[in-house]
Amino acid sequence: MTMDLFAGLDDLPPGITGNLAKMSTHWVAGSPVQYQLPLGDQRLDLNARIGQTIRLEFTGAIHCVHCGELTKKSFGQGYCYKHFAALAQTDVCIMSPEKCHYDQGTCREPAWGEASCMQSHYVYLSNSSAIKVGITRGGQIPTRWVDQGATQAITIARVATRQLAGFVEVICKKHVADKTNWRNMLKGGSAPLDMAAERDRLFTLAQADLAELVERHGLLAVQLLHHGDVFEIDFPVTQYPDKVASLNFDKDPLVEGTLLGIKGQYLILDSGVINIRRFGGYQVTVS
């Protein structure tokens, strides 16, 4: 039976054991992001625990997030090797969408590719550790930005497929970063930026390459967005660390400390920070 764990810490059982998964989030403009920690069929409200002591102990068991089988080692944030090597969602084109090989007939899972990749995507600029470019499906707005710890974001292009989003991203990353400096993000990130001005500056720098891409694929396939709302995201953090110490279940099975906040997919403790998403499938006891 599913347990609703939204009461105070004193109401929790001595320990709740389950397999970790990416923290689920809910965000409404003007309020901090709300976080829940999934543990199997249970969900723990984390915002209510900020300022309190939390203890996560790795039992030593890792279950593949796809098949649930025990695996000695986690691949690609929670998969056993068999499924890491076989699933389309773990292929190289997920990290480098411009390398999509669906049209060559070699997609690992064509039905999955049609449902997930051969659909409209957005290219965006976000401000996490600094300005960066990225891509996401429309249904992942604003979840994608929350997961990367972005405090600001704006969409700059709408395209027909994930591969086209990759082509736009490749052009843009000649001029802006495409990765977040997670240590700087966890120190508070960068100062607020004029995101519309950053978009316009990028469009000017990449004008020739973007125009060629639009001409090659057509206006219906690649639409540059010269106007759009800026998203401003607040995170539930009471104190950022001066120095970022990374905690790792593979090196120390016990993670414990006062919860100072949550940003991206990281818990910020007074003892260090831990990336929950990285340890998908790890069985832990939380108390």
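The chymotrypsin sites (Phe, Trp or Tyr not before Pro) found in segment 92-191 include none that occupy coil by DSSP while having at most 16 further C-beta atoms within 10 Å.
Note on segment 158-287: Rg/Rh from C-alpha atoms, Kirkwood Rh, equals 1.10. When the chain is treated as a GNM with alpha-carbon contacts under 10 Å, the residue of Leu39, Leu219, Leu247 showing the greatest mean-square fluctuation is Leu219. Oblate is the label for the chain. Its Cα gyration tensor axes, ordered a ≥ b ≥ c, give a/c of at least 1.5 and b/c at or above a/b. Cross-linked pairs Lys179/Lys243; Lys22/Lys179; Lys99/Lys243; Lys82/Lys187; Lys99/Lys263; Lys22/Lys243: Cα-Cα separations exceed 28 Å for Lys99/Lys243; Lys82/Lys187; Lys99/Lys263. Mean-square fluctuations from a GNM of the chain, with a 10 angstrom spring cutoff on Cα atoms, peak among Val28, Val65, Val255 at Val28.
Can you tell which of Val170, Val133, Val123 shows the greatest fluctuation in a Gaussian network model of the chain with Cα springs below 10 Å? Maximum fluctuation in the GNM of the chain, among the listed residues, is at Val170. What the Cα atoms of segment 55-171 give is an Rg and a Dmax of 16.3, 49 Å.
Here Lys251 is the anchor, and the lysines within straight C-alpha reach of less than 16 Å, apart from those fewer than 8 places off in the same chain, are Lys72, Lys73.
Counted over segment 1-155, the DSSP beta bridges are approximately 90% antiparallel.
Rule-based calculations on the coordinates, nothing more; no lab input. All of these numbers come straight from a predicted model, not from anything done at the bench. Every residue, glycine among them, receives a Cβ derived from its backbone with ideal geometry; neighbour counts consider all protein chains shown.
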